[in-house]
Amino acid sequence: MSPSQEDSFVIEGKLALPYQYFAGRTGSRFLIALRDEKKIQGLRCEKCDKTFVPPRSTCERCLSDISENWVELKNTGSVTGFTIVRYAEPHQPVEAPYILALIKLDGADTPIPHIVKGVPLGEMKVGMRVKAVFAETTTSTIMDIDHFGPAEP
Amino acid sequence: MASKRVAIVGTGQTYHKSRRPDVNGQELINEAVQSALQDADLGIDQIDAIVIGNMDHFEGINYVDCWSVDGSGGVMKPIIKLTTGGTTGSTLGIGGYHMVASGMFEKVLIIGWEKNSESDTTGAITTAFDAIWDRLVFAGAISGLAAEAQAYMARYGATERDGARVAVRDRKNACSNPYAQLRKEITVEEVLASPMLSDPVHLLDVCPRTDGACAVIMASEDCAEKICGVPDWIWATANRHTYSYLGDANYGRLDSMADASREIYAKVGITEPKKQIDVIELYQPYSFAGIMWIEDLGLAPHGKGAEYVWSGATDMDGELPINPSGGVIACNPIGATGLIRCAEAALQIAGRAEQRQVPDVDFALSTGFGGCFWSDVILHGKRKPEAPRK
Amino acid sequence: MDENFADVDPMVYQSRINVPYSWWAGDTASGFFIALRDEKKIMGKKCLRCGRTYVPPRKVCPLCFTENAEWVEVGDEGSLQSYTVCRRQLASLPREAPVIFGLIRLDGADTALLHYVDEIDPEQIRIGMRVKAKFADERTGGIGDIAHFRPAK
Amino acid sequence: MDRVAIIGVGMTRIEANKITDTFADMVWEAVNGALDDAGMTIEDVDNVVTTSNDFWDGRTISCMAVGDASGVRDKNVSCVEGDGAFGALYGLTRTLSGSYGTTLVTAHSKGSESVSSLITNAAFDPIYERVIGMDMISACAMQAMAYLDRTETTSEQLAAVSVKNHGNARYNPLAQLPMEITVDDVLSSEMICDPLHKLDCSPVSDGCCAIILASEERVPRYRGKPVWIEGVSFCSDSYFLGDRELSTAPSLTRAAERAFAMAGITDPGAEIDVAELYDAFTHQELMWLEAMGLCEDGKAGSRLENGEFHMDGRLPVNPSGGLLSGHPVIAAGLIRIAEIVKQLRGEAAEHQIPNARRGIAQGVNGLCGQSHCVWVLGKDD
């Protein structure tokens, strides 16, 4: 009775679960400043002397509430790590190959992951100076920074 | 009931494959459970509680603990689910340990499983990262790991050949492990010639997608020695979920592994891990981890991991064999993978690892990796620990 | 903390987790679906130790934990163990409300099969009533090969 | 059993939609509530167990969202997936194992961020059942139908549970739906799935709860008033609805028997002063009372009608308003435990049950109450 190989059934299905995510108060504030004033802000914990980007309302080290201690950061920063993504996947923000980099903005202690464009793949290196390039049309997301491009040294 | 000492008295695995169309999820789980029960010569009715885990979005089944009971044996029994991403398997091992050590359950069945072939794993992994910040930019685990390898290479001058050497070692070991999925040797040149996925990581540097399950039975000191000749005593467990945002991680170092292993060494008095530990089953989803994370385990100074691997010290005939089972590069059913490391360490301690047995093993380490650069570490020993670990 | 965010309208992101799945039915379920598709027969699996016949069939008896070796054909008629009439158009419903779900213990089976009940006025349904399977004309090997259960004459 | 106490509890308000809070914000609020309640700082916590669900949170590895807010930075941590009462049980084993002296347990979820019907449809077996489109409400309605049929309990008696719990919620400032309603209001509310009306069903809400466990020798070090864990057990029934006798809950009976035995309870109906049960639907509060032996089979409805389970009754059930008045899915079981701790400490303010000395709390996982976790808590006199 056991079926042969091509008769082993597959039930095709899809899990299409709609979600809505709340950026929360601090997240909203960051994204509105980014959208309306093209300003990138972080939240700073004085006790631990650490500025977090993306902003978090509480400091992970000492668990204190830092949600009002906004700090303005520069649009420039340096690459602390990167990779060149070459495999193609439907979920990718841009077509492969593209540069996915970790950028520590001047004034921040934690780098943010983002896309780098305008740099030949072969010349990418850790420590490179980059500058935020803002998107024409805003989507009120982190993609309001369209990508990071090379910055004058 | 005072706290109890705990030992692994039975293990079971499926023959891990890229796809298992002949069984559904519950049946896959049952295969591993039946072989673990047989290994310990126990019936399901002698099990006091069950701990199970996988990564939900890989199978799209909610409340897996409830769904699994036909296969896991949980009907009219206590069953609970633990899940922490890639470290799920080792989280389950640590969970089983605490359930038995608490004195509330004498014999606990622990199950890790995954059917990666049933979903689009990259799509499922992408949703692991913060929906507002990381997810839009990020796509899949490989690019995060590649960024780590790139940073390490920039800092210490390692090369792609160093990563390839680790892949060659593990794929060779896998040939003597009947449960492993990829049992074909490869050379450094073949690794470097394979397609580049995300600089500097090639296709043969990373783990495959696998359908597989693993089951482990842990028992308290009151009955462990009656059940199995050489129980694998759990001496200590530790883990860290150090980061939550990809940007925060310290690329080129695995802080969570360093902290967790340091806690264990301090707790049991290990000062020279290279000498005092006889074998390591390292959860290493891609080759470069094999030269970087062994530094965080204290086996080599920072930047010298590759040298230690090229010296042959971690090969089967070296001073400290790593991944006699072939490790994660040969087989990765994610929810089970951390528990497979735990089960393989137990087989090494019990001297029952057949062709992949490392001679006279007194202490073994099994680790887990996942989440946002998270690590779990479990120390296994042949000797019974003196008093319950505090 | 709140007055700081008085002017901030919270950002909400509509998103969707859209993961395609293909669940392997396995040999046992495939055997069940082939019998439905090709012979309009409903098969169960019997545990030789405790004698229970499971519909849907199970490879291993969940109670005795031994492999159910024996396929057993069960009747296409049975008694309604319980039911509900869904009046609200729930998001999970694939068809127009009202939809009637029932648990049907088929003659010869020891467990009940979850399925639709139709061709009956919702107010007439009674627990314990006899119902009969109505097979779909187009059968492709899936639980949908049984269209629904209707009152047995 | 070695003695472990709960020395700190913290909860957010239960709301339909906490739009201004992320998961981390909610957890941080509850964790700080528990730490203040216990008179502890995060450094006093030896290890953390978070409880979440990837489907409800819309995120693979959902525990990653709340790690920082639970202070896991340099600590051992683990994550349970399922109801918070199960998370607390795993936290208890970690406290009893000798590895840790204090354990922080958190549980959170947001019903507002997703569609509960689709999330619970994903709990059905993908091969045989999921495609026909049932969810938690339709499955539990089928259970209610079987229960009414077997025990002659009436829809009016079901409605009376809703009237009681929404009424109790008027005295609980954290509840989402305090309401003054009548049996007729319930029976005339929208019929969602026979026999369950809208007011027979709990909402799906946003909320978070945190508790702190401490071993006996660590308790004196903090100012949190200890409530002792006297008994706890959990058990699961079969999975397929067709394999089960839906109108009964044998797995709850077994879990309750074991928990009561651990606590040395021989006559639960008389020895228990207050109960916080998992009333996801009105018929379930009655079923759980009968399955735990807190009243005879089939009689919970009539005993409710003569007021035995009201705030001034023989055995007050859900003085907090229960799930019917606010149901953050994953946090619900942990909130039941926290409510019993408040009752036994005499800190339940307006919904306080006078001189309550021993109480029970219940968590549930799976469809139609497949897997139950029963807690017995007591106060030293």
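A short reminder: the numbers here are calculations on the coordinates, not readings from a lab. Since this is a predicted model, take the numbers as computed values, not measurements. Here the Cβ positions follow ideal geometry from the backbone for every residue, glycine too, while neighbour counts run over all protein chains shown.
When the charge dipole of region B:98-196 is built from unit charges on Cβ atoms (+1 for Lys and Arg, -1 for Asp and Glu) and taken about the Cα centre, the candidate among B:Ile125, B:Pro178, B:Ser194 whose Cα reaches farthest toward its positive end is B:Pro178.
With both partners inside the protein assembly as shown, how many of the DSSP beta bridges are antiparallel, as a percent to the nearest 5? Write down the numbers at each step before the final one.
Details: 152 of 181 bridges.
Restricted to the protein assembly as shown, the bridges split so that about 85 percent are antiparallel.
Distance from a point 7 Å along Cα→Cβ of A:Glu37 to each backbone N in region A:68-96: keep the residues under 12 Å and list them by number. Correct set: A:70-73.
For the peptides D:230-243, B:152-165, the ranking by packing is D:230-243, B:152-165, with the highest mean count of neighbouring Cβ atoms within 10 Å listed first. Overall size of region A:22-150 from C-alpha positions, given as principal axis extents largest first: 42, 30, 25 Å.
For the pair region B:59-95 / region B:139-193, the C-alpha centres are spaced 30 Å from each other.
Shielding by partners for peptide D:169-179, expressed as the average number of C-beta atoms from other protein chains within 10 Å of each residue's C-beta, is 0. Dividing the C-alpha radius of gyration of region C:8-76 by 2.2 N^0.38 Å, with N its residue count, gives 1.81.
Around B:Lys107, which amide H atoms from residues at least 5 apart in sequence, or from another chain, sit under 5 Å from its own amide H, with H modelled in the peptide plane? Amide H neighbours of B:Lys107, under 5 Å, 5+ apart: B:Asp48, B:Ala49. With both labels modelled 7 Å from their Cα along Cα-to-Cβ, the C:Asp107 to D:Glu305 distance reads 4.0 nm.
Count, for each residue of A:102-108, the Cβ atoms from other chains sitting within 10 Å of its Cβ, then give me the mean as a whole number. Intermediate results must be reported in sequence, preceding the final value.
On the way: counts 10, 1, 1, 0, 0, 0, 1.
The per-residue average across the peptide is 2.
Can you work out the PRE-style zone for B:Asp362? Point 7 Å along Cα to Cβ, and I want the residues of region B:268-285 with backbone N under 17 Å. Within reach of a label on B:Asp362, which here means backbone N under 17 Å from a point 7 Å along Cα→Cβ, region B:268-285 contributes B:268-280.
What does DSSP give for region A:22-150 in terms of the percent of beta bridges that are antiparallel, rounded to the nearest 5? If you can, show how the numbers build up before the last one.
Working: 29 of 30 bridges.
Beta bridges within region A:22-150, antiparallel portion: roughly 95 percent.
Between C:Asp137 and B:Thr187, the simple spin-label model (points 7 angstrom out along Cα→Cβ) gives 6.4 nm.
Projected area of region B:233-364, taken from the Cα convex hull and averaged over every viewing direction, in nm²? Walk me through the numbers before you get to the answer.
Values: hull surface 32.6 nm².
Over every viewing direction, the Cα hull of region B:233-364 projects on average to 8.1 nm².
Summing Cβ point charges (Lys, Arg +1; Asp, Glu -1) relative to the Cα centre of region C:25-151 gives a dipole of roughly 380 debye.
Report, ordered by chain and residue number, the lysines lying within cross-link reach of D:Lys164, taken as a straight Cα distance under 16 Å and ignoring same-chain residues fewer than 8 apart. In chain and number order, the partners are D:Lys198.
Applying 0.36 nm per residue to the separation of D:Asp312 and D:Glu190 and subtracting their alpha-carbon distance, the gain on full extension is 40.9 nm.
Mind checking region A:95-153 for GluC sites (Glu not before Pro) that DSSP puts in a loop (not H, G, I, E or B) and that have at most 11 other Cβ atoms within 10 Å? Listed in order of number, the matching sites are A:Glu95, A:Glu136.
Once both labels are positioned 7 Å from their Cα atoms along Cα-to-Cβ, the gap between B:Arg383 and D:Lys198 label points is 7.0 nm.
Within region C:47-115, the GluC sites (Glu not before Pro) that combine a DSSP coil assignment with at most 14 other C-beta atoms in a 10 angstrom radius are C:Glu96. Computed from the alpha carbon positions, the gyration tensor of the protein assembly as shown leads to an equivalent ellipsoid with semi-axes of 43, 34, 31 Å, biggest first.
With r defined as the distance between the Cβ atoms of A:Glu136 and D:Arg13 and R0 fixed at 41 Å, what FRET efficiency is calculated, to the nearest 0.05? All intermediate terms of the calculation are to be shown ahead of the outcome.
Numbers: r = 42 Å, r/R0 = 1.01.
It comes to 0.50.
Using a Cα-Cα cut-off of under 28 Å, which lysines could be cross-linked to B:Lys17, ignoring same-chain neighbours fewer than 8 residues away? B:Lys17 reaches A:Lys14, B:Lys81, B:Lys115, B:Lys172, B:Lys184, C:Lys45, C:Lys59.
With Rg and the Kirkwood Rh both taken from Cα atoms, where does Rg over Rh land for region D:164-304? Don't jump to the answer; show the numbers that get you there.
Working: Rg = 18.1 Å, Rh = 18.1 Å.
Rg divided by Rh gives 1.00.
Once the Cβ-Cβ distance between C:Leu48 and D:Glu296 is put in as r, and R0 is 35 Å, what FRET efficiency do you end up with, to the nearest 0.05? Calculated value: 0.35.
Between region D:215-288 and region D:307-381, the alpha-carbon centres lie 10 Å apart. Shown here is the pair-distance distribution of region D:288-381: with all Cα-Cα distances grouped in 10 Å bins from zero up to the longest one, the shares run 15, 47, 35, 4 percent.
Which whole number gives the average, over all residues in D:232-238, of C-beta atoms from other chains lying within 10 Å of the residue C-beta? Walk me through the numbers on the way to the answer.
Numbers: counts 1, 3, 5, 7, 13, 5, 9.
Other-chain Cβ atoms within 10 Å of each residue's Cβ, averaged: 6.
Rounded to the nearest 5, the antiparallel percentage of DSSP beta bridges internal to chain B is 75%.
Once Rg and the Kirkwood radius are both taken over the C-alpha atoms of region D:48-164, their ratio Rg/Rh works out to 1.10.
In region B:117-255, the convex hull through the Cα atoms has an average projected area of 12.0 nm², a quarter of its surface area.
About its Cα centre, what dipole magnitude does the protein assembly as shown give when the only charges are +1 on Lys and Arg Cβ and -1 on Asp and Glu Cβ, stated in debye to the nearest 20?
Values: 103 positive and 146 negative charges, 298 e Å.
About 1440 debye.
Relative to one another, the C-alpha centroids of region B:225-290 and region B:7-24 are positioned 24 Å apart.
For the residues B:Ile125, D:Ile6, what sequence is obtained by ranking on other C-beta atoms within 10 Å, fewest first? Don't jump to the answer; show the numbers that get you there.
Working: B:Ile125 25, D:Ile6 31.
The order, fewest Cβ neighbours first, is B:Ile125, D:Ile6.
The count of lysine pairs in region A:22-150 that are at least 8 places apart or cross chains, and whose C-alpha atoms lie under 26 Å apart, stands at 26.
With charges only on Cβ, +1 for K and R and -1 for D and E, what is the dipole size of region D:239-381 about its Cα centre, in debye, rounded to 20? Working shown, then result.
Details: 12 positive and 20 negative charges, 65 e Å.
For this selection, approximately 320 debye.
Annotation: for a label point projected 7 angstrom from Cα along Cα→Cβ of A:Lys47, residues of region D:25-64 with backbone N closer than 16 Å are D:28-29, D:31-37, D:39-45.
Between A:Leu121 and B:Asp45, what FRET efficiency comes out of the Förster formula 1/(1 + (r/R0)^6) with R0 = 41 Å and r the beta carbon distance, rounded to 0.05? Mind showing how you got there, number by number?
On the way: r = 61 Å, r/R0 = 1.49.
Efficiency computed from Cβ-Cβ geometry: 0.10.
Here B:Lys304 is the anchor, and the aspartates and glutamates within straight C-alpha reach of less than 14 Å, apart from those fewer than 8 places off in the same chain, are B:Asp162, B:Glu295, B:Asp296.
When the alpha carbon gyration tensor of region C:25-151 is reduced to an equivalent ellipsoid, its three semi-axes come out at 26, 16, 13 angstrom, largest first.
Note down, for chain D, the three equivalent ellipsoid semi-axes (square root of 5 times each alpha carbon gyration tensor eigenvalue), biggest first, whole angstrom.
Taking √(5λ) for each Cα gyration eigenvalue gives 30, 24, 19 Å.
With the convex hull of its Cα atoms as the shape, chain B has an orientation-averaged projected area of 17.3 nm².
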